[in-house]
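Below you'll find the structure, written out as structure tokens, and then a few comments.
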Amino acid sequence: MCGIVAATARREVSEILLEGLRRLEYRGYDSAGMALIDAEHNLLLHKRLGKVAELEQAQAMTPHHGCSGIAHTRWATHGEPSAANAHPHLSGNRVAVVHNGIIENHESLREELKGQGYEFQSQTDTEVIVHLLHQQLEERVEFFQALKNTIARLDGAYAIAAIDAENPDRVVAARAGSPLVIGVGIGENFLASDQLALRQVTDRFIFLEEGDMVDMGATRLHVEDASGAVVERTMQRVSAAVETVDLGGYEHYMLKEIHEQPRALAETLGLEASHQVEDERFGAGAGAIFDQVKAVQIVACGTSYHAGLVARYWLEDLCGIPCDVEVASEFRYRARARREGTLLVTVSQSGETADTLAALRGQGEDEFIASLVIANVDHSSLVRESDLVFLTRAGAEIGVASTKAFTTQLVAFLMLAIALGRRHQLSEEATRELIDALHQLPDCVSRTLQLDADIKRLSEAFILKNHALFLGRGIQYPVALEGALKLKEISYIHAEAYPAGELKHGPLALVDAEMPVVAVAPGDELLEKLKSNLEEVRSRGGELFVFADDNAGMKGDSRVHVLGMPSCPAVIQPVVYTVALQLLAYHVAVQKGTDVDKPRNLAKSVTVE
């Protein structure tokens, strides 16, 4: 979602800010802006609708320079995408603010400030922050205290960074419900909503906790917690090389990330020659917690929710324990019946998904025996606040539509099912068979990627379509859900998924020659029932696109297009078939000419409710 970059240094920082914004482009945004304080203590501003390149062009035509500054990429919430609504927002030509999040009481604050003579230049909720801060400064309140007084009046979620022309060597900031990280340099300090934005200038980071406030200069850092106590947060050196975020010869990041999945899966598995899933993969003390688990509650959003739906089949089948899966935005707002011995599992690529984080924080006292997060970003809020952690090793995922992050989440869940299952009904022999299947997974995915040209040919039939229906049975139903989500996300074709057995209960009314129907059909115990469902589609003039195991015996004709999938162990089929559906969505989107990596209206990391 929105991105923040800030810097205060002994050198000129405009290019550092711009490079930080470039590194945050993957998050999704509609406008960009930058404010700097120059040597004469003037506040200088550039804001542009569109890409960071537009901001760069403005800077090239009218260069602004300074040793302190803030920058932002905005994803519209309050107010349409426009230069006026872009951040930073200014007040009195003195103070500038950038903000991620949503201020829920902005309307009442806006009316109050208007009554005091403030004129609003935007439709955003953020502008009330900068005017409240300016009001404090005009009353001669010290800068850091002025921010404290300002946030005390705000309801909602925020990450805020501010500069003041009369305090030119300082940046002040605060976070509540939206992430911020400090980058520590030598004679300079930085701030961002994502450490990736600062990797070009430092490898030392301080991850701020909920409620923290920061007052920083080039050689000074002051952090206070939510109670106002001065704290020293641990500085962590992130020694790994900067993530490779170039296209590497691929046309789009999404295609690159689809093809990176064999490596990402192998690295997430980390099994090498082992035939064990060690409890320690989930964190210190995991074994003692797993010994107590009698049920699992999975909470997630979007694609991660679909991973949880697949995991429910594994956990209940392999472990014999109950598993519930719920969308985080619903889970956090309802009363819940408690089940003894339940492990809470949250899932998030970024580790910062607002609703999922709120669900973790909002758990009742003693409602769960422990919390486990499956995430792709170390040091993220969910990682820091959970009892146990399984870090996937997907690497940086730039495309908004999740690919390798999703399949590595599935691997994490299957490993969890093995770890829990051996405490219940999973025999040693069955465990060995499951781990053997996991060893085969990277190769099975590689063989699926070799079908790329065939899938591209299938995709041509979707170019002029406005709707699509995805079908699956059993564990393949969540795979169908994920396939439909990918198609709608990046091609803008309306796509829905149903359990194939539900066709007669409504969806069959939609089937005609203009409704392509995609079916996931591995050769499992539900295959024959699925074939009957597909015959219903065919008899009503529907056009079928069937992803089927080579041994499934599916026959094609002019209205039935069968893609033969590589044979692989049944337990890993959800991962393998997902990859094929990712390729289908990708090729449809490319041929329709959409922005594959940055689909409209969507953000990579949803850090607001």
Just how far, in whole angstrom, is the range 399-457 from the range 296-338 if you go by their alpha carbon centroids?
19
Kirkwood-based Rg over Rh for the range 66-194 (C-alpha set), two decimals?
0.94
Cα-only Debye scattering, the range 401-512: base-10 log of I(q)/I(0) at q = 0.10, 0.15, 0.16 Å⁻¹
-0.43, -0.87, -0.95
Stretched fully, the stretch from Glu535 through Gln200 gains (0.36 nm per residue minus C-alpha distance, one decimal, in nm) 114.9 nm
If N is the number of residues in the chain, what value comes out of its Cα radius of gyration divided by 2.2 N^0.38 Å?
1.02
Looking at the chain, which Cys residues are left with no other cysteine's beta carbon under 4.7 Å from theirs?
Cys2, Cys67, Cys301, Cys319, Cys323
Beyond a 22 Å Cα-Cα separation, which of these cross-linked pairs lie in this structure: Lys456/Lys488; Lys465/Lys488; Lys256/Lys465; Lys456/Lys486; Lys486/Lys592; Lys465/Lys592?
Lys256/Lys465
May I ask which residue of Pro63, Thr126, Ala174 lies farthest towards the positive end of the charge dipole of the range 3-237, with charges of +1 (Lys, Arg) and -1 (Asp, Glu) on Cβ and the Cα centre as origin?
Pro63
Using the Karplus curve 6.51 cos²θ - 1.76 cosθ + 1.60 with θ = phi - 60°, work out ³J(HN,Hα) for each residue of the range 358-369 in order, rounded to whole Hz, and write x for Gly and Pro.
5, 5, 5, 5, x, 5, x, 4, 6, 5, 10, 6
Square roots of 5 times each gyration tensor eigenvalue, C-alpha, the range 247-439, largest first, Å:
25, 22, 13
To the nearest 20 Debye, how big is the dipole of the range 129-267 about its Cα centre, given +1 on the beta carbon of each Lys and Arg and -1 on that of each Asp and Glu?
140
I'd like the projected area of the range 3-237, averaged over all directions, using the convex hull of its alpha carbons. Report it in nm² with one decimal.
11.2
Considering the Cα positions of the range 187-334, please state its Rg to one decimal place and its Dmax as a whole number of Å.
20.8, 57
Please list the three semi-axes, largest first and in whole Å, of the ellipsoid equivalent to the range 1-73, using sqrt of 5 times the eigenvalues of its alpha carbon gyration tensor.
20, 13, 9
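Listed here are the pairs Lys404/Lys598; Lys504/Lys598; Lys51/Lys148; which of them are more than 28 Å apart at the Cα? Display every interim value, and only then the final one.
On the way: Lys404/Lys598 16 Å; Lys504/Lys598 37 Å; Lys51/Lys148 33 Å.
Lys504/Lys598; Lys51/Lys148, as the Cα separations exceed 28 Å there.
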What do you get for Rg/Rh over the range 431-484 if you use C-alpha atoms and the Kirkwood form of Rh?
1.10
May I ask you to derive the relative contact order of the chain, considering only C-alpha pairs under 8 Å and at least 6 residues apart, and to give it as an integer percent?
12
Which residues' amide hydrogens lie under 5 Å from the amide hydrogen of Val518, considering only partners 5 or more residues apart or on another chain, with H built in the peptide plane?
Leu469, Phe470, Leu471, Phe545
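Every number here is computed from the coordinates shown, using simple stated rules; none is lab data. None of these values were measured; they are calculated from a predicted model. No Cβ is skipped: glycine too gets one built from the backbone with ideal geometry, and neighbour counts run over all protein chains shown.
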